[in-house]
Amino acid sequence: MIGPIPLSHVLLASGALFAIGVAGALLRRNAIQIFLSIELMMNAANLALIGYGAALGTQQGQIIVFFVIAIAAAEASVGLAIFVAIFRHTETIDVNKINLLKW
Amino acid sequence: MERLIFDAAALVAIVFAGLMVAGRDPIKSVLALAVSFFALAVTYVLLLAPFIAALQIIVYAGAILVLFLFLIMLLNVGPERPDGVRRPVQTFLGSLSVVVFAGLLLGMLRASGARLPGQPEAVAADALPDPKALGRLLFSDYLLHFEAVSVLLLAALVGAFVLARRENAQ
Amino acid sequence: MTTPPLWLIPAIPLVGFALNGLLGTKLGKSFVSAVGVGAAGLTTVVAYARLIPFVGGNHQPVVEPVASWIALAGLSIDISFRLDPLSALMLSFVTFVAFLIHVYSIGYMHHEATNAGYARFFAYLNLFLFAMLTLVLAESFLLMFVGWEGVGLCSYLLIGYYFEADYAAAAGRKAFVVNRIGDFGFLLGMFGLFAAFGSLNYSEVFWKAAQDPARFAPALGAICLCLFVGAMGKSAQVPLYVWLPDAMAGPTPVSALIHAATMVTAGVYMVARCNVLFRLAPEVMVFVAAIGCFTALFAGIIAVAQNDLKKVLAYSTISQLGYMFLACGVGAFGVGMFHVMTHACFKACLFLGAGSVMHAMSGDLDVRHMGGLRGKLRITYATFLVATLAIAGIPPLAGFFSKDAILSAAFDAPGAGKVLWAVGLATAGLTAFYMFRVVSLTFFGRFRGTAEQAHHIHESPSSMTVPLIVLAFLSIGVGFVGLPPVFGARADLIGPFLAPIFAPIAGHEGAREALPHATEWLLMAVSVAVAASGLMLAWQWYVKQEGRPAERLAAAMPGVYALVAEKFRVDEDYDFLFVRPFNRLSHFLWKVVDVLIIDGILNASAFLVELSGDFLRFVQTGNVRNYALTFFLGLIALLLFVAGAM
Amino acid sequence: MTETFVSFTRADLAAIAPEIALVATGCLILLLEAFAPRLRRWFATVALAGVAASLWFLVQAPGGTTFGGRYETSSLTVLMGLFLGATAVVAILVAKPYLERTGEERGEFYALLLWGHTGVMLMTRGLDLLIVFIGLETLSLAFYVLAGFFRRVSASSEAGLKYFLTGAFGSAFTLYGIALLFGASAGTRFEDLSRPGLADSTAVTFGLLLLLVGFGFKMSLAPFHAWAPDVYQGMPTPAVAYLSVAPKGASVLVLFRVFGAVFEHGMPDRFRTGVAALAIFSMTLGNVVALAQRDAKRLLAYSGIAQMGYVTIALAVFGRDALAAVLVYFFAYLVSNAGAFAAVSALYPDETKPHPVGLLAGAGRTAPFPSAVLALCLFSLAGIPATAGFIGKFFLFKAALEQGLYALAVIGVLNSLVSIGYYLKVVYILYMREPIEGEAPPPLAPADRLALALCGAGILILGIFPASLWAIARQAAATLPLTGP
């Protein structure tokens, strides 16, 4: 329990968000939406970390999340640059159409 | 009361996450995700992490998602249109596996959340929402991480520059 | 004179390989020949400098460690070389025959267009010699395996040396698949040995096995079977023999050296080396004998239907290797090794002779296009004839003694020994028959090739004929080291020399009673008679099938032939009753069993692997979502398996 | 409040001096690129000097842990650091002529390579899940960019996109695994994980599997491998030479550390079976698909997938000797695989096009030295005796045999025998085909020659005198508290 909030609620919410993120990453075709889904997965992990940290009575969970946010920002900047670079070649970011490299 | 707010916020986060995934229009997706992130920030406050909640709003919702919006506008990406090629295997296996995975994950989390193996002896001062303590922790135990992440940010910065600058920049 | 260290023997050809490989292209053919042949010659000299005192001395095994290769708490493997009677025997002819074949190659490869190709050929030949000598001199199974893989690699490289890509690629693939099966057996056997004995050094493994046969015997059945599968692959036994006829795509000196005289006998050598283990696994011995016996007959029958000179010799090699395993299988390891040695001499001579014929015929190897070459290729003819007489088992040539020893060992063996003997005898007749068939077709009669070929026919240069002559003399003389016991108790030199290697295991088996002299004489007479009749039958039939009038034949052939023709006149009925069905059987075995079934299975398995590779390749769709999905499915499978059960 | 709460000691500084050297060298090259672009041809030398300095600091650093038990300097990390540094050296040597040929010689390439290398160093030396994760992400971000470095080439951009999307997907799983382990152990250090009862918890098992999958992705272990062939094909070859070797070694070490911390009393059978199944699947799939490959870099990618299958055998064996075998294996893999990519880089004239194996026809004559080294590397990868690859496999299979995992060893051997097929196919094309007209390999640059010579010599030296490396590896492996021999 974290105050009146049961940990299992936190974790279930986190798990649901993670699963939704996976679903988006697997089912969307647009690279941006896939990446948004991956961001959602990382946020789900953040929620779990904060929930655990609070339940365990340590701030380490928050510290981890702090770093994860920094990493996510960095990842986003590189990702967006990659999207721009590929868009210059293919005029699309639909991953179904980006399959020059195969077999 | 707090429990109720938490559940409501979590529900909002989940629903809007679902909308983000379900929508074909990337702009709507970004907006839905922004709502979801706001709701998550609310849960962070309730979980004694106001500092992270602020970061969540400023960095995630504020900076990253706006960047996404900007990019979508820049590249003029429209909604996903059916491309005429059906991919039943990917869709079917993808959905099925997500359902199985969600079942496994939620089952495990429910069981483990009920009995946390950790020990709440250290709960005292450390657990309070105290950014100062957080800062201390950051520069003592997590000093190396802090330094390491600076390398990561540097690499990302240079990398983004390498990839996105104009071709004739040389 | 100080004795040179053993490691020098494989090291010299390795240096030759390095020199030719690195510098050969730049420095021209004479440099390449000097280095290649020089390395082979020098290593022969060094080998004999060790062998002569060893043979003259007390034959105590010598183990010379060179370096520690892998040293672990529970296992230490040294690079060390071993000289004992068995490796001495192999060493004596491997080095010498290899040297002769190197010399021969100078003339044979003279037409090679580029320096690079010429250098590559000699570099590979030296590399092969290095690997073969490592295999022979190794003191541990692991080092032997180094040589084992090395000779296989060189064989693969040399098979594909110059034929056009498709054929050589197919031959290479077949050789590859078959040898993988064999190597897998060998490796499994080695695992088993390591698990059972905790060591891979010969001395330790054999000593432990001989000390406590009861403890190790149960495991040895499986281990020996695995090892023998390895030997079957390398020594081309049914059903793993199919690669050898195709290996004839390589240059002829390679066929002589690798695919007749040395590498293919490595399996026999390995079985003989492990005789302690094999004797503790009697059921595997039976299997060895059966496979050897069957292979001898099977390949002999196929050889009859071949028209390609080198193919005949290839099937003949398989058949003779079967003989050697037959000998090992009945426990006569020494006799098997004796045949390895004599076979190396006469088969190398035959192959080199075939190369000389091929040289003269502008690359044509079809015996139907030859005929009457004896006049133009005098030396080739004479040496080929001597080697043929030797392989046919005509006394007193080398093949006679070793083959006779095998047959009497089989006759003497308990159980189905008489059956093995009978099959062996039939094969001996068959051998004489098909060998004289090719001799008649090649060297006798009228020339059947094109005018251009006829114009071109010439005897080969002396670098090719001298090795032929030397090998022919060896084919005559080398048998005398193993005279049968009827010539006196001390007539047999090789048996007592090898005896320490094959010493009986205490409390395991008793010494066998020697055959009475009268029986031995009888057996000898029977085998000579069978060989002689095979030989004469061949002349007769291949005269008839050429359809030439008898008078012209009689005129063309020497007096011996007329005599033979009168004595063995067979009429059309006999031809109908025996010859045609036999030819059909031969064709059946070749076309259906060999080409269709065994090749088919091997090619199909190779094909299936490639097909599944192709199929899986197409799973790699290039679509990144599919990649994420495979990733995710893998994760779920793991979660379900590992965590799902909790 | 004037007291400082930053805890940073001299020991800490000495411990991270190797990383500082790398980062600083990267920054220096970047500054030179911006302000003195005419010095470009010295960038590779500067980068090599940076790696050398980093190795020097690494060897000099006093042993023990720093940063509150979160960072390790030991014989294990030094040995790993040497392995990583050597990989970086080969990559830089290959990169110089490669970038010159393609007209893309820019300082950012070296800077990103060095920073990525820093990330891998963090992975091997961190005793904390978060440090490892940051290291992993640093590596990933740098190499996402390197994959797409040739912006003019569409294949390169595509490789960047694919690597990025799959990589971020994999990282999210790793992160969730870390979250679960944090929840169970209340900390991020590995030592927090070795708490009694942790191994029996479902959440911990779940977390460990997520980590296994995440690092398996970096190792390109099937079925988490699918990115590798595409990315290797599109990525600049020198970057592949690094990516296909160093992060894999670091990932295996991390898995050994994490599993070693949790499974104090040996790995549970079911877990072991799962890992073994991954090993078998990866080596079989890698080898079978490699048989059907026509592009040299894709072929090497599948070969790498198979090789990681062999390495995973050691993870299933899970003991001190297994770790030592892995260390030896990775040194062998470094010289063989990085050498093979170096040769590929030196043998193909046009980097912007695919690398069909058929184009190597007759290269044995037109470019004898790179061809000979490539052949040697392939023999080594195939595990032909007397090469480094044989030694690596030998110790792996031996470790498996000693733990009674006979089936794994036998399947491994069978696989390595099958693999000779496609390795020899390349050798065959190199030496047995006529050269193609007008497709001569580029002239051999001195840096390429050096890289190839180093790898070739390494293969032979390791293959013939493996004893001392094995002794060092065993000693290094002893620093991990692993159960079993």
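Looking across A:F87, A:F67, A:F83, one residue alone is among the aromatic types (F, W, Y) and crowded, with 24+ Cβ neighbours inside 10 Å. It is A:F83.
Listed here are the residues, each with its yes/no results for (1) within 14 Å of chain D (Cβ to nearest Cβ); (2) in a helix (DSSP H, G or I).
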{"site": "C:N179", "(1), (2)": "yes, yes"}
{"site": "C:A209", "(1), (2)": "no, yes"}
{"site": "C:Q237", "(1), (2)": "no, no"}
{"site": "C:Y241", "(1), (2)": "no, no"}
{"site": "C:M248", "(1), (2)": "no, yes"}
{"site": "C:H259", "(1), (2)": "no, yes"}
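Does D:K398 satisfy the criteria of being at the interface with another protein chain (Cβ under 8 Å from one of its Cβ atoms) and touching a Phe, Trp or Tyr at 6+ places or on another chain (Cβ under 9 Å)? In short, yes. Of the residues making up the range C:31-44, at least one is in contact (Cβ under 8 Å) with a residue 24 or more places away in the chain and open to solvent by 70 Å² or more (accessible area, probe 1.4 Å). Scanning the range D:283-321 for residues being open to solvent by less than 10 Å² (accessible area, probe 1.4 Å), within 10 Å of chain C (Cβ to nearest Cβ) and more than 20 Å from D:V427 (Cβ to Cβ) gives a total of 0.
Residue-wise test of (1) open to solvent by less than 10 Å² (accessible area, probe 1.4 Å); (2) within 11 Å of the chain's Cα centre (by Cα); (3) aromatic (F, W, Y).
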{"residue": "A:I20", "(1), (2), (3)": "no, yes, no"}
{"residue": "A:A25", "(1), (2), (3)": "yes, yes, no"}
{"residue": "A:R29", "(1), (2), (3)": "no, no, no"}
{"residue": "A:T92", "(1), (2), (3)": "no, no, no"}
{"residue": "A:L100", "(1), (2), (3)": "no, no, no"}
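Selection of the range A:40-55 for residues being open to solvent by less than 10 Å² (accessible area, probe 1.4 Å) and at the interface with chain B (Cβ under 7 Å from one of its Cβ atoms) yields A:L40, A:N43, A:L47, A:I50, A:G51. Of the residues contained in the range C:79-92, none is found to be more than 27 Å from the chain's Cα centre (by Cα) and either exposed (fewer than 15 other Cβ atoms within 10 Å of the Cβ) or basic (K, R) (or both). For the range D:58-69, the criterion of being assigned to a helix (DSSP H, G or I), of a type outside the set (G, A, S) and surrounded by fewer than 23 Cβ atoms within 10 Å (Cβ to Cβ) is met by at least one residue. Residues that are more than 23 Å from C:V439 (Cβ to Cβ) and not in a helix (DSSP H, G or I) within the range C:297-353 comprise C:V330, C:G331, C:A332, listed in sequence order.
Based on what the data block shows, is D:A186 open to solvent by 10 Å² or more (accessible area, probe 1.4 Å) and free of Cβ contacts under 8 Å to residues at least 60 places away in the same chain? Spelling it out, D:A186 is indeed open to solvent by 10 Å² or more (accessible area, probe 1.4 Å) and free of Cβ contacts under 8 Å to residues at least 60 places away in the same chain.
Yes/no matrix, rows are residues, columns are (1) touching a Cys at 6+ places or on another chain (Cβ under 9 Å); (2) crowded, with 24+ Cβ neighbours inside 10 Å; (3) modelled with pLDDT of 85 or more:
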{"position": "C:A354", "(1), (2), (3)": "no, yes, yes"}
{"position": "C:L377", "(1), (2), (3)": "no, yes, no"}
{"position": "C:A387", "(1), (2), (3)": "yes, yes, yes"}
{"position": "C:I406", "(1), (2), (3)": "no, yes, yes"}
{"position": "C:A409", "(1), (2), (3)": "no, yes, yes"}
{"position": "C:F436", "(1), (2), (3)": "no, yes, yes"}
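One residue stands out among those in the range B:32-60 that are without any contact (Cβ under 8 Å) to a residue 24 or more places away in the chain and more than 24 Å from B:P131 (Cα to Cα): the one that is most open to solvent (accessible area, probe 1.4 Å), which is B:V35.
Could you list all residues from the range D:145-160 that are buried (at least 24 other Cβ atoms within 10 Å of the Cβ) and more than 11 Å from chain B (Cβ to nearest Cβ)? If the condition is that a residue be buried (at least 24 other Cβ atoms within 10 Å of the Cβ) and more than 11 Å from chain B (Cβ to nearest Cβ), then D:E158, D:A159 are the ones that fit.
Annotation note: of D:V427, D:V373, D:V413, the sole residue that is in a helix (DSSP H, G or I) and within 20 Å of C:I159 (Cα to Cα) is D:V427. Go through the range B:96-129 and report how many residues are more than 7 Å from every other protein chain (Cβ to nearest Cβ) and at pLDDT 75 or above. Count: 4. Cβ-Cβ distances below 9 Å connect the following pairs, each with a first residue in the range D:345-367 that is at positive phi, a second residue that is open to solvent by 10 Å² or more (accessible area, probe 1.4 Å) and not β-branched (V, I, T), and a separation of six or more residues or different chains: D:G362/D:Y431; D:G362/D:M432; D:G362/D:R433; D:G362/D:E434; D:G362/D:P435. Is it true that D:L175 is in a loop (DSSP other than H, G, I, E, B) and more than 9 Å from chain B (Cβ to nearest Cβ)? No; evaluated as a whole, the condition is false for this residue.
Within the range C:32-63, the residues that satisfy the criterion of being at pLDDT below 85 and either touching a Gly at 6+ places or on another chain (Cβ under 6 Å) or among the polar types (S, T, N, Q) (or both) are C:N58, C:Q60. Condition test on C:T25, is it in contact with a helix residue (DSSP H, G or I) (Cβ under 9 Å, 6 or more places away or on another chain) and more than 29 Å from C:A499 (Cβ to Cβ)? Taking the combined requirement at face value, the residue satisfies it.
The set of residues from the range C:169-184 being crowded, with 21+ Cβ neighbours inside 10 Å and modelled with pLDDT of 80 or more comprises C:N179, C:G182, C:D183.
For first residues located in the range C:468-492 and assigned to a loop (DSSP other than H, G, I, E, B), partners that are crowded, with 18+ Cβ neighbours inside 10 Å and lie 6+ apart or on another chain with Cβ distances below 6 Å form the pairs C:L483/C:D492; C:A491/C:L483.
From the list D:F390, D:F394, the lone residue that is within 22 Å of D:G463 (Cα to Cα), of a type in the set (F, W, Y), open to solvent by 10 Å² or more (accessible area, probe 1.4 Å) and out of contact with any helix residue (DSSP H, G or I) (no Cβ under 7 Å at 6 or more places or on another chain) is D:F394. Just wondering, is there one or more residues in the range C:105-114 that are modelled with pLDDT of 85 or more and in contact with a helix residue (DSSP H, G or I) (Cβ under 9 Å, 6 or more places away or on another chain)? The answer is yes, given that some residue of the range C:105-114 is modelled with pLDDT of 85 or more and in contact with a helix residue (DSSP H, G or I) (Cβ under 9 Å, 6 or more places away or on another chain).
Residues in the range C:19-30 that are closer than 15 Å to C:L125 by Cα and free of Cβ contacts under 8 Å to residues at least 24 places away in the same chain: C:L19, C:L22.
Do you know which residues across the range C:269-283 are assigned to a helix (DSSP H, G or I) and touching a residue at least 60 places away in the same chain (Cβ under 8 Å)? Residues satisfying the conditions are C:Y269, C:M270, C:V271, C:A272, C:R273, C:N275, C:V276, C:L277, C:R279, C:E283.
The values are calculated or read from the model by the stated rules, or taken from the named source; none is laboratory data. The shown structure was predicted, so the numbers you read here are calculated from the model rather than taken from an experiment. Here the Cβ is made from the backbone with ideal geometry for all residues, glycine too, and neighbour counts use every protein chain on show. Accessible surface areas use protein heavy atoms only, side chains included; no ligands, DNA or RNA. Shrake-Rupley method; radii C 1.70, N 1.55, O 1.52, S 1.80 Å.
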